[in-house]
Each structure stands twice: as structure tokens, then as C-alpha cells.
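Submitted below is the structure of interest, expressed as C-alpha cells.
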Amino acid sequence: MGNSGMEELIPLVNRLQDALSSVGESSSFHLPQIVVVGGQSAGKTSVLENFVGRDFLPRGSGIVTRRPLILQLHIANTEYGEFLHCKGKKFTDFDEIRKEIEAETSRLIGSKKGISPVPINLRIHSPHVLNLTLVDLPGITKVPVGDQPADIEYQIRDMIMQYICNENCLILAVTPANTDLANSDALKLAKDVDPQGQRTIGVITKLDLMDDGTDAREILENRLLPLRRGYIGVVNRSQKDIDGKKDIKAALLAEKKFILSHPSYKHMAETMGTPYLQKILNQQLTNHIRETLPAFRSHLQGQFLALKKEAEEYRQYSPADPARRTKTLLQLVQRLAVDFEKLIEGSGDKVDTVNLSGGAKINRIFHERFPYELVKMQMRREINYAIRNIHGVRTGLFTPDMAFEAIVKKQISRLKGPCMKLIGMVGQELTTTVYQCINKLSSFPKLRDETEKIVTTEIHEQESKCREQVLLLIDIQLAYINTKHEDFIGFTNTQQMKDQSNKTGKAGNQVRLSMVIHKGWLTINMGIMKGGAKEFWFILSAESLSWFKDDEEKEKKYMLPLDNLRLRDVEKGFMSSKFVFAVFNTESRNVYKDYKCLELACNSQEELDSWKASLLRAGVYPEKVAADKHGNGAPENFTDPQLERQVETIRSLVDSYMSIIHKTIRDLMPKTIMHLMINSVKEFISSELLAQLYALGECSVLMDESPEQQKHREEVLRKHAALKEALAVIGEISTSTCTTPLPPPVDSSWIKSSRYKRLSTGARDNSLSTPSSFHLSRSVSFTPPFFLSLSMYFVLLPIPSFPHAITNIFPFPPTFS
């Protein structure tokens with residue numbers, strides 16, 4: 001009975017089962033145990049009842065076992081049962097055990113024929129059992145009956161797979177003798193998860209119901225359709241015996257008598273029957289426990305260490321203690337302030353590798369999005385109208401100062417839109433960052449809601465102050481146009497720069513520095529007829545846009561000067577995932593080879609915005625609007641040369657002055673927002689938030705836990721205690737004992753995986769579709785001369801066991817007559 005010195009292994013694992021019952025199903029799946037798998041009416045229930053020697057399991061038609069039953073058998077002097085959900089209550093009447101199983105099943109899933117993966121734990125103490133732990137699962141079915149769910153087959157298979165996929169599980173595959181073993185659902189499922197057969201034990205039931213003249217001898221001798229751990233045959237009570245209340249002890253005697261009296265089984269009577277099956281299962285489960293215990297211990301230790309820190313915090317927390325509530329409130333507010341500052345300053349504990357957030361996103365808004373919003377507006381037509389309106393009916397000989405001042409003030413006023421948009425974007429990002437931090441207060445819903453309300457209100461107040469201050473800054477710029485600014489060029493300086501530019505061949509009045517502004521991969525759309533899209537490594541400097549074969553920057557493909565270049569938006573294609581923009585020459589010259597417009601594509605909106613902002617820094621501005629929205633007035637090309645010269649002069653002056661304003665605004669806006677919004681909100685959270693929470697006068701109510709948090713805290717503490725107890729139980733187990741080696745491998749390719757579709761009935765072998773498929777002794781035939789010539793070797797070969805020898809000699813399947 002089992003291995004010497006290891007008799008206590010199974011009871012200790014049963015203690016582990018009880019200790020881990022509060023941890024959840026996922027942990028119990030890792031326990032060493034035997035899982036009973038078979039189809040409906042395969043005889044699983046009778047096998048388990050024979051082990052106990054009592055009728056105690058529900059019976060009936062259809063699915064009777066609707067929840068997993070974890071059955072723990074213990075050797076004891078007295079006979080009784082007890083359920084884990086009824087601790088302390090002993091059931092001495094086994095009819096009551098059956099009723100309790102039915103009641104507990106109905107309590108969870110009702111009276112319908114559905115199933116549930118939540119197990120029922122039953123422990124039976126008896127002097128007639130061996131230490132054993134088995135899991136009885138619902139029988140495999142094909143067609144839903146009555147009010148069963150339409151997918152009942154898949155539900156049952158999923159439940160079975162959850163258990164037998166565990167490497168610590170032994171699989172007891174039960175198959176009736178009067179069905180086709182080669183199509184056994186139990187063996188097919190076992191084959192899927194245990195292809196080497198190291199964990200599968202075959203049980204052949206209903207040997208007494210086979211047709212006359214047929215038997216399962218070669219199956220039980222593991223010579224035909226072999227399994228590595230072999231088969232064990234049993235004889236259960238018939239339905240007539242069950243209806244007639246035949247005693248199980250009498251049934252076991254009848255089983256023994258049947259085996260001893262049957263000519264095909266009497267020579268192996270010692271390795272058949274329920275007592276032998278119980279003994280073998282005890283022995284193999286004990287060996288299996290010994291082998292899998294180290295890995296199981298490591299698994300439990302990993303779970304225990306993962307919960308240790310959280311459990312220690314919850315153990316010290318007392319929800320009803322006012323002092324503890326106050327201390328927790330203070331700690332949570334301090335943590336909120338620290339988390340908010342880390343997200344803004346970029347030193348968070350968890351770095352997001354997918355999206356920009358917090359301070360990084362605000363930085364991008366400051367230095368990429370905002371400069372792009374400060375695009376120089378179309379003003380040539382406006383200058384034309386301003387000059388003509390100032391001259392009136394007269395023809396002006398000189399450039400009017402009033403036109404310059406009117407255009408400049410209008411351009412400065414237009415800055416209010418981008419500036420207000422910038423403030424709104426930063427405010428939205430601050431709110432998002434606060435939400436991200438406040439989510440950590442979800443354990444206390446009222447505290448989270450009040451904190452969110454207070455902080456977002458503060459953000460909105462600071463945002464309003466910031467808007468007022470920025471509008472004041474713009475009004476200050478409008479109040480006085482400083483044409484004496486050291487960076488502003490007058491008309492004379494402008495003309496001199498133009499003359500110098502004409503001599504040197506360089507247009508414009510901006511001195512470009514040979515510095516790299518941006519690098520990155522871009523795709524050039526060459527068109528289908530010219531090679532399609534090609535990706536190159538681009539480098540943007542203050543003077544040119546160059547591209548190379550790759551980022552090693554050794555093989556330059558082309559260098560495009562930035563003179564007279566403009567930027568144009570391109571709509572994203574219907575099937576394209578790229579973000580496209582284009583550059584073109586304002587003088588209608590070819591930009592690259594025979595392309596007048598060069599389309600460039602990148603992989604994301606962020607990259608597109610970054611390239612646009614960088615091109616603006618290099619002096620490449622977006623395409624100007626050719627006409628106003630109303631379509632009024634003269635065209636862009638003026639017929640009056642004098643007016644054209646005046647327009648160009650004022651445009652140059654406005655460009656120079658607005659570059660000063662843009663530089664000032666680009667510098668002041670981030671500083672103003674940082675001071676009035678970001679720093680103010682950080683200071684508010686760290687200094688004033690706690691006081692405002694106390695001012696509500698409901699501190700005790702604020703610290704009420706959510707039901708989910710209370711449940712989570714109790715669950716963590718329960719899991720931690722259960723894992724600690726389980727590790728203590730494992731510490732009592734000694735595995736320094738002998739074990740029985742696993743039988744050598746056999747050819748189990750005859751088992752077809754359940755993943756493949758079953759062949760149609762007409763395509764099957766006719767001999768396999770008969771009512772009784774185990775006509776083995778009568779139907780299996782070998783060529784006599786060949787068999788006789790081989791029989792002489794049986795005496796000489798050192799054969800460890802007859803079945804394995806036959807398997808090695810006959811690797812091919814026998815022929816059927």
C-alpha cells in the first residue's frame with residue numbers, strides 16, 4: 001500500500017488542499033491530485049463509490065456531476081464524511097452526504113443542468129479506504145439535453161482542460177469496455193495535454209457487459225492500444241444492481257468472482273479489480289507527489305512573497321480607528337503630491353513606454369505644438385488693402401507708417417488664439433495627470449471624489465488667472481510698437497540686405513546657421529511608375545534638407561536648399577497609415593529631379609508635428625492662402641509697380657517686427673504657464689489640499705473603504721495566511737524515500753488528438769463500427785509462422801514486462817479480420 005515511509009504524503013496534501021481553498025481555484029489546480037475523466041455513463045461514479053464502499057454520489061440521467069468534486073479519502077477507525085463548506089459537521093449517514101452534494105450544487109447554479117467550475121470539497125474517513133485524493137469532473141457529453149446550454153460540450157471540455165493541463169495532475173481516463181477504445185474522449189483529451197503518457201492511467205469498466213465470446217484481455221495486458229502506465233479493469237454494479245440496492249461489499253465480491261472465473265482474466269486477477277486500482281492509485285499518487293513537490297513549493301513561495309508586502313500593510317491598518325484613518329489620510333495626500341510632482345518633473349516610478357504623458361507631453365506642447373500655431377499669417381493682400389485705403393483717392397509716393405502699424409497690431413491680436421489654445425491644452429494635460437494620480441485613491445471613493453473636485457477646481461481657477469495674464473501681455477505688446485528695438489530692421493537696412501542677398505544669390509533677410517535642427521526617417525513617395533515609396537534618413541539644418549541611405553549618414557542621396565521652400569499639408573490616404581506633408585518651391589522650380597512638389601511621410605502624428613515645428617525653426621513656413629474667404633478685391637499680382645514695392649517693404653518690416661514678438665511670446669508663454677498654473681497646482685496639492693479636505697468636516701466619512709477594497713483587503717490577508725499555512729505543511733513533508741520508476745515509453749500514436757474532427761460513420765472501418773468493438777480475442781490474428789519464429793526469442797530476451805515486450809516487437813497495429 002504505497003511507498004514505505006510516505007504514507008502521510010497524501011493526508012498532508014489534503015491539508016494543503018484545505019489550506020489553499022481560500023486562495024482560489026488557480027492555486028488548487030497546482031496541487032498533486034488524480035482527476036477522473038470520462039464520458040457520461042462511463043462508470044466514474046461507480047468506481048468512486050467502490051473505493052469508499054458506500055453509495056454517496058448523486059445518480060440520474062444526463063449530467064449528474066455539475067460541479068467538480070474534490071474527494072479526499074483518509075484511513076480512520078470510524079466512518080464519516082465532512083464538507084469544507086460545513087466545517088465541524090460530521091455526516092455519518094451517507095444518504096445525507098448525497099443530499100448535501102445536491103443541495104450545495106443547486107445553491108450555486110440552481111436546478112437547471114448547467115455547470116460551474118467552483119469545486120465541492122468532501123473528505124471521507126473510513127477504515128475501508130486508502131489515502132487518496134481524486135477530483136470527479138462532469139462527464140463528457142456531445143448533445144445538450146433539456147435546459148442545458150447550447151455550448152455545454154465546450155464548457156465541460158474547458159473545465160476538464162483547466163484541471164488536466166496542470167503538470168502535477170494524474171489523469172484517470174475511464175472508458176467502458178463495450179465502446180470503441182480508439183475513439184475514447186477521455187483518452188483523446190489526455191493525449192492533448194500528456195502526449196508522452198507520463199500522467200495517464202487507463203481504467204476499463206463494464207467488463208461484464210461485453211458481448212459473448214469477446215474480451216479486453218490484450219487491452220488489459222497493454223499489448224493492444226498501449227498506454228505507458230497501462231490499464232486496469234474493473235467490474236461495477238449494473239443499473240439493476242443499483243436499483244435493487246445491492247451492497248457494494250457484495251458487488252466487490254461479485255467482481256472478484258467474475259475475474260477469477262473468466263478464462264481471459266483469471267491469470268491476471270491480482271492486477272485487476274477495484275482494490276488493486278485503489279492500491280495502484282495510492283502508490284502512483286504518492287510517487288507523483290514526491291516528484292512534483294519541489295516545483296509546487298517554489299510556486300507557493302512565489303505567490304507568498306508577492307503578497308507579503310501588501311499583507312503587512314493591510315495587517316497594520318484598522319478601518320475603525322480614527323487615529324489610523326487620520327494617519328492614512330495624511331499619507332495618501334502626501335503620496336498624491338509626490339506622484340503628481342514625479343509625473344510633471346519626469347521622475348516617476350513607472351515610466352510609460354507607449355505614450356507621452358505629464359511633464360513630457362507639456363514640454364512637447366510648449367516647444368513643438370505652440371511654435372507651429374504661431375505660423376505667420378497671410379498678410380500681403382491685407383497690406384495692399386491697408387495702403388490703398390490710407391491713400392484714398394490720392395496716389396501715394398511714400399510708404400505709409402500707418403499701414404505698417406495696422407498690420408502689426410492685427411498680427412499681434414491674432415496671437416491670442418494660439419496662446420489661449422496653448423493654455424487650454426496644458427490645463428487639459430494637468431487634469432489628466434491629476435486623474436492618473438487620484439485613481440490610486442479608488443480604495444476610498446468619497447476621498448477620491450472630493451479630492452478630484454477640489455484639485456480640478458483649483459486648476460480651472462489658475463487657468464483663468466493665466467489667461468488674464470497672457471491677454472495682458474498681448475495688450476502690452478499692442479500698446480506700443482517699438483520700432484527702435486535693436487533686432488528690428490528699418491527700411492534702409494531691409495534694402496541693403498536685399499541688395500546683398502541679390503549679390504550673393506541668397507534670398508531673404510535671415511542669416512541661417514549651419515546647425516542640425518532635426519533628424520529622422522521619412523518616406524519619399526516616388527509614385528508607382530518610379531519605384532513607389534522609399535525610406536531615407538533625413539537631416540534638417542538651417543540651410544538645407546538632406547537625406548541619406550541610412551542613419552550611418554555615409555551615403556548622401558541629395559541635399560535640398562531651403563531657399564524659397566514652403567510647407568504644404570497633404571490629406572492622409574484612405575488606405576494609408578502614414579502621415580504626409582509636402583515641400584515645394586514658391587518660384588515653381590523643381591524641388592527634386594522632375595518633382596515640383598516632394599511628398600514626405602512619417603509614421604505618427606507626433607512625428608509629423610515635430611517635423612513641421614522643426615521646419616518652421618529653419619524658416620520653411622506653411623503655404624499662404626492665395627485669396628481671402630470672400631473672394632473680394634484684386635488678385636495677388638498687382639499691376640502697380642510702386643504699390644508692389646510698398647507692399648514688399650511693409651511685409652519685410654512686419655516680418656522683422658513679428659519675429660521679435662514671436663520670439664518674446666515663445667519665451668514668455670511657457671514661463672507664464674509654468675508659474676501661474678503648473679507650479680501653483682503643485683504647491684496647492686502639497687500645501688493646501690489637506691486643509692481643504694479637513695475643512696469639509698467629514699474626515700471620518702472620507703476614509704470609508706469601498707466594498708471592493710474591503711473585499712480585496714480581506715482576500716489578500718486570507719490568501720497570505722493560507723499560503724503561509726501551506727508552506728508550513730510542506731515543511732513537514734519528508735521526500736527522502738524510495739519511489740517506483742515510471743514505466744518505459746510506448747507507442748501511443750493510436751490515440752487521435754481531440755483537436756481533429758471525427759471521421760464520418762461511412763468513412764470508418766466497418767469492423768470498428770459494430771456494436772461491440774472489443775472483439776479482440778476472436779478478431780485479432782497474426783501470421784502463425786512469423787509469430788512462431790519470434791516466440792523463441794521471448795525466452796532469451798531480458799523482458800521487464802510482457803506488455804512492453806510485445807509493444808517493442810509489434811510496433812505496427814495488428815490487422816483485423
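The values are calculated or read from the model by the stated rules, or taken from the named source; none is laboratory data. In this text, all values refer to a predicted model and were calculated from it rather than measured experimentally. All Cβ positions, even for glycine, are placed from backbone atoms using ideal geometry, and neighbour counts span all protein chains on display. Side chains included, ligands, DNA and RNA excluded: accessible areas come from the protein's heavy atoms. Shrake-Rupley method; radii C 1.70, N 1.55, O 1.52, S 1.80 Å.
When you look at Tyr657, is it aromatic (Phe, Trp, Tyr) and open to solvent by less than 50 Å² (accessible area, probe 1.4 Å), yes or no?
Considered against the rule, which asks whether it is aromatic (Phe, Trp, Tyr) and open to solvent by less than 50 Å² (accessible area, probe 1.4 Å), Tyr657 comes out as yes.
Same structure, new question: Of Ser700, Ser748, Ser734, Ser754, which residue is within 30 Å of Val455 (Cβ to Cβ) and modelled with pLDDT of 50 or more?
Numbers: Ser748 fails: within 30 Å of Val455 (Cβ to Cβ); Ser734 fails: within 30 Å of Val455 (Cβ to Cβ); Ser754 fails: within 30 Å of Val455 (Cβ to Cβ).
Just a single option satisfies the conditions, and that option is Ser700.
Still on this structure: Considering only residues that are farther than 30 Å from Val338 by Cα and of a type in the set (Asp, Glu), look in region 398-449 and name the one that is modelled with the lowest pLDDT.
Step one: list which residues in region 398-449 are farther than 30 Å from Val338 by Cα, which gives 398-418.
Now drop any that are not of a type in the set (Asp, Glu), which leaves 401, 405.
Numbers: Asp401: 72, Glu405: 83.
In this case the residue turns out to be Asp401.
Right, here's the next one. Return the residues of region 62-92 that are within 18 Å of Ser106 (Cβ to Cβ), of a type outside the set (Gly, Ala, Ser) and not in a strand (DSSP E or B); say none if nothing qualifies. Even if it seems obvious, please write down each step before you answer.
Initial filter on region 62-92 (within 18 Å of Ser106 (Cβ to Cβ)): 62-69, 83-86, 91.
With the extra rule that they be of a type outside the set (Gly, Ala, Ser), the set shrinks to 63-69, 83-86, 91.
Of everything in region 62-92, those that are within 18 Å of Ser106 (Cβ to Cβ), of a type outside the set (Gly, Ala, Ser) and not in a strand (DSSP E or B) turn out to be Ile63, Val64, Thr65, Arg66, Arg67, Pro68, Leu84, His85, Cys86.
With respect to Pro119, is the statement that it is in contact (Cβ under 8 Å) with a residue 12 or more places away in the chain and within 21 Å of Ile171 (Cβ to Cβ) true?
yes
Within region 229-236, identify whether any single residue is open to solvent by less than 30 Å² (accessible area, probe 1.4 Å), in contact with a Lys or Arg (Cβ under 7 Å, 6 or more places away or on another chain) and either of a type in the set (A, V, I, L, M, F, W, C) or assigned to a helix (DSSP H, G or I) (or both), and answer yes or no.
No - not one qualifying residue is present in region 229-236.
Just need a number here: residues in region 249-264 that are open to solvent by less than 20 Å² (accessible area, probe 1.4 Å) and touching a helix residue (DSSP H, G or I) at 6+ places or on another chain (Cβ under 6 Å). Break it down into steps so the answer makes sense when it comes.
Start the filter on region 249-264 by keeping residues that are open to solvent by less than 20 Å² (accessible area, probe 1.4 Å), which leaves 251, 255, 259, 264.
Among the residues that remain, those that are also touching a helix residue (DSSP H, G or I) at 6+ places or on another chain (Cβ under 6 Å) are: 259, 264.
Of the residues in that region, 2 qualify.
Something else about it: Is it the case that some residue within region 211-221 is in contact with a helix residue (DSSP H, G or I) (Cβ under 9 Å, 6 or more places away or on another chain) and either open to solvent by 50 Å² or more (accessible area, probe 1.4 Å) or among the aromatic types (Phe, Trp, Tyr) (or both)? Give the steps one after another, and end with the answer.
Of region 211-221, the ones in contact with a helix residue (DSSP H, G or I) (Cβ under 9 Å, 6 or more places away or on another chain) are 213-221.
Going one step further and asking which of them are either open to solvent by 50 Å² or more (accessible area, probe 1.4 Å) or among the aromatic types (Phe, Trp, Tyr) (or both), we end up with 213, 217.
Looking for residues that are in contact with a helix residue (DSSP H, G or I) (Cβ under 9 Å, 6 or more places away or on another chain) and either open to solvent by 50 Å² or more (accessible area, probe 1.4 Å) or among the aromatic types (Phe, Trp, Tyr) (or both), one finds at least one in region 211-221, hence yes.
Ok, one more. If the requirement is being closer than 18 Å to Tyr372 by Cβ and aromatic (Phe, Trp, Tyr), which of these qualifies: Tyr558, Tyr621, Tyr595? Lay out the reasoning, then the answer.
Numbers: Tyr558 fails: closer than 18 Å to Tyr372 by Cβ; Tyr595 fails: closer than 18 Å to Tyr372 by Cβ.
Only one candidate passes the filter, namely Tyr621.
Looking at region 59-68, which of its residues are at pLDDT below 85 and open to solvent by less than 20 Å² (accessible area, probe 1.4 Å)?
Listed by number, the list holds a single entry, Ile63.
So which residues in region 559-569 are closer than 18 Å to Asp609 by Cα and open to solvent by 50 Å² or more (accessible area, probe 1.4 Å)?
Once the filter is applied, which keeps residues that are closer than 18 Å to Asp609 by Cα and open to solvent by 50 Å² or more (accessible area, probe 1.4 Å), region 559-569 yields Arg566, Arg568, Asp569.
Which members of region 669-687 meet the condition of being exposed (fewer than 15 other Cβ atoms within 10 Å of the Cβ) and either in contact (Cβ under 8 Å) with a residue 60 or more places away in the chain or not charged (D, E, K, R) (or both)? Show your work before the answer.
Going through region 669-687, the residues exposed (fewer than 15 other Cβ atoms within 10 Å of the Cβ) turn out to be 671, 675, 679, 683, 687.
His675, Asn679, Ser687 - these are the residues of region 669-687 that are exposed (fewer than 15 other Cβ atoms within 10 Å of the Cβ) and either in contact (Cβ under 8 Å) with a residue 60 or more places away in the chain or not charged (D, E, K, R) (or both).
Ok, one more. From the list Lys724, Lys711, which residue is part of a helix (DSSP H, G or I), open to solvent by 50 Å² or more (accessible area, probe 1.4 Å) and at pLDDT below 80?
Numbers: Lys724 fails: at pLDDT below 80.
Going through Lys724, Lys711 in turn, just one is part of a helix (DSSP H, G or I), open to solvent by 50 Å² or more (accessible area, probe 1.4 Å) and at pLDDT below 80: Lys711.
Sticking with this structure for a sec: I'm trying to understand the selection: among the residues of region 570-609, which are open to solvent by less than 20 Å² (accessible area, probe 1.4 Å), closer than 16 Å to Lys519 by Cα and of a type in the set (Gly, Ala, Ser)?
Answer for region 570-609, where residues must be open to solvent by less than 20 Å² (accessible area, probe 1.4 Å), closer than 16 Å to Lys519 by Cα and of a type in the set (Gly, Ala, Ser): just Ala601.
If you take the residues of region 75-87 that are over 42 Å from the mean Cα position of the chain (by Cα) and not hydroxyl-bearing (Ser, Thr, Tyr), which of them is least open to solvent (accessible area, probe 1.4 Å)? Lay out the reasoning, then the answer.
First, pick out the residues of region 75-87 that are over 42 Å from the mean Cα position of the chain (by Cα): 75-81.
Now narrow it down to the ones that are not hydroxyl-bearing (Ser, Thr, Tyr): 75-77, 79, 81.
Working: Ile75: 82, Ala76: 22, Asn77: 152, Glu79: 45, Gly81: 0 Å².
Among those that are over 42 Å from the mean Cα position of the chain (by Cα) and not hydroxyl-bearing (Ser, Thr, Tyr), it is Gly81.
Could you check region 516-542 and list, in sequence order, the residues that are in contact (Cβ under 8 Å) with a residue 60 or more places away in the chain, open to solvent by 60 Å² or more (accessible area, probe 1.4 Å) and either under 15 Å from Glu607 (Cα atoms) or part of a loop (DSSP other than H, G, I, E, B) (or both)?
Taking region 516-542 first, the residues in contact (Cβ under 8 Å) with a residue 60 or more places away in the chain are 517-518, 520-525, 533, 538, 540-542.
Among the residues that remain, those that are also open to solvent by 60 Å² or more (accessible area, probe 1.4 Å) are: 521, 525, 533.
Residue satisfying the conditions is Trp521 alone.
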